[in-house]
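Take a look at the structure set out below.
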Amino acid sequence: MQTVFNTIKSIALKIDHAIKTEDLGYSDSANSSGEEQLKLDVKSDYIIEQAFKDISIVKALVSEEKEGVLLLHEKGKYTICYDPLDGSSLVDVNLSVGSIFGIYEGELTGENLVASAYVVYGPRIELMITTRHGKPLHYRAQGEEFNLIGEVSLQGKGKLNAPGGTQQNWCDYHKTFIDDLFAQGYRLRYSGGMVPDLHQILLKGGGLFSYPGTFDKPEGKLRQLFEVMPFALMYEQAGGQAITNKGSRLLELTPKHPHDTSPCFFGSNFEIEALKIAYGIKA
Ligand code: AHG
Ligand code: MN
Ligand code: MN
């Protein structure tokens, strides 16, 4: 597993360099979710594929930017599901973007997610890694080195509210719930990139990030294998919760297709318990 984490560190440096130096325009293709691809989406995907292709413990890759599963080594142990460049619509306005990695052993289910990692490309490069044991570990790059900053723990209750999805398409009880949080003093923090938005909530002690099912997208927008479940593991290991709109753990999901999405809610315990009540999941 350490080999995988070390490879992610070298990938982070290469993608950061590409973001800083390469063409920020669109390619002439779309991905499996029908989204237009930036040249940087394609390049980041290529960097990751090249980095893992000779690592024999990696059985296969599943990417936001590829249709199916790319088999690398039949006898490999892990399948790595990744979003090479998350928040790529923010590239042209120079906001933070990220990469997300879910490391699965066996079938691609939440239960088989054994570790996850994400990289934030901001003013500095940061990396968060977690396994099923212990708290997430927070690193910051200095030159080519990643220095450990420390373990990350969520407090029981936070102050930040990051509500995703087009408000016009929220159902009434979701809108009431989000409005109630603001009425309690929560502050809006939403950049439109789940990596920096969820990273901020993790490092500032807590709050809620929601991406609900909406009238136009009943199953939400965020993809289970390489967006939702890697962050679910981070939030649970940090002492928080990560649930669906039905109240079950996101880590109990089994996608039918690599690009399946799910409504998702990540937060510290107070906000998630409040959400369960608002959604009628708990009396
Ligand atoms: P990507 O750039 O990989 O397609 O993902 C963008 C995602 C996620 O980062 C973010 O939280 C969400 O899309 C934002 O969606 P809205 O613009 O609907 O808020
Ligand atoms: Mn994404
Ligand atoms: Mn992406």
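Values in this text are rule-based calculations from the coordinates and carry no lab data. All values derive from a computational prediction rather than experimental measurement. Cβ placement follows ideal geometry from the backbone for every residue including glycine, while neighbour counts extend to all protein chains displayed.
A straight chain from residue 77 to residue 248 at 0.36 nm per residue would run longer than the Cα-Cα distance by 58.8 nm. Using a Förster radius of 25 Å, what is the FRET efficiency between residue 70 and residue 33 based on their Cβ-Cβ separation? Nearest 0.05, please. The value I calculate is 0.90.
For the chain, the spread of Cα positions along the three principal axes, ordered from largest to smallest, is 52, 41, 38 Å. Computed about the Cα centre, the dipole magnitude for the chain is approximately 860 debye when only Lys and Arg (+1) and Asp and Glu (-1) carry charge, each at its Cβ. Pairs exceeding 28 Å between alpha-carbon atoms, taken from 20/77; 39/204; 9/77; 217/256; 221/246; 14/217: 20/77; 39/204; 14/217.
When each of 15, 125, 178, 277 is scored by the number of other beta-carbon atoms lying within 10 Å, the sequence from fewest to most is 277, 125, 178, 15.
Among 81, 171, the order by Cβ neighbours within 10 angstrom, fewest to most, reads 171, 81.
Amide H to amide H distances under 5 Å link residue 115 with 103, where only residues 5 or more positions off or on other chains count and H is placed in the peptide plane. Residue order for 23, 260, 28, fewest other beta carbons within 10 angstrom first, comes to 28, 23, 260.
Work out how much length residue 191 to residue 157 would gain on full extension: take 0.36 nm times their residue separation and subtract the Cα-Cα distance, in nm to one decimal. Answer, rounded to one decimal: 10.1 nm.
The calculated FRET efficiency for the pair residue 124 and residue 95, based on their C-beta separation and a Förster distance of 22 Å, comes to about 0.95. With the simple spin-label model, which puts each label point 7 Å out from Cα in the Cβ direction, the residue 176 to residue 105 separation comes to 4.5 nm.
Measuring nothing but how far apart in sequence close Cα pairs (under 8 Å, 6+ apart) lie, relative to its length, segment 66-129 scores a relative contact order of 25 percent. Taking 0.36 nm per residue of separation and subtracting the current Cα-Cα distance, fully stretching the chain between residue 168 and residue 203 would add 9.6 nm.
Residues considered: 257, 133, 199. Largest GNM mean-square fluctuation over the chain, using C-alpha springs under 10 Å, is found at 133.
Computed log10 I(q)/I(0) for segment 51-160 at 0.20 Å⁻¹: -1.22, from the Debye equation with unit scatterers placed on every C-alpha and solvent omitted. Label sites at residue 56 and residue 144, each approximated as a point 7 angstrom past Cα along Cα to Cβ, lie 2.6 nm apart.
When the Gaussian network model of the chain links Cα atoms closer than 10 Å, the mean-square fluctuations of 265, 146, 209 top out at 146. For the Cα atoms of the chain, what angle does the longest principal axis make with the long axis of helix 269-278, in degrees from 0 to 90, nearest 10? Tilt relative to the chain: about 60 degrees.
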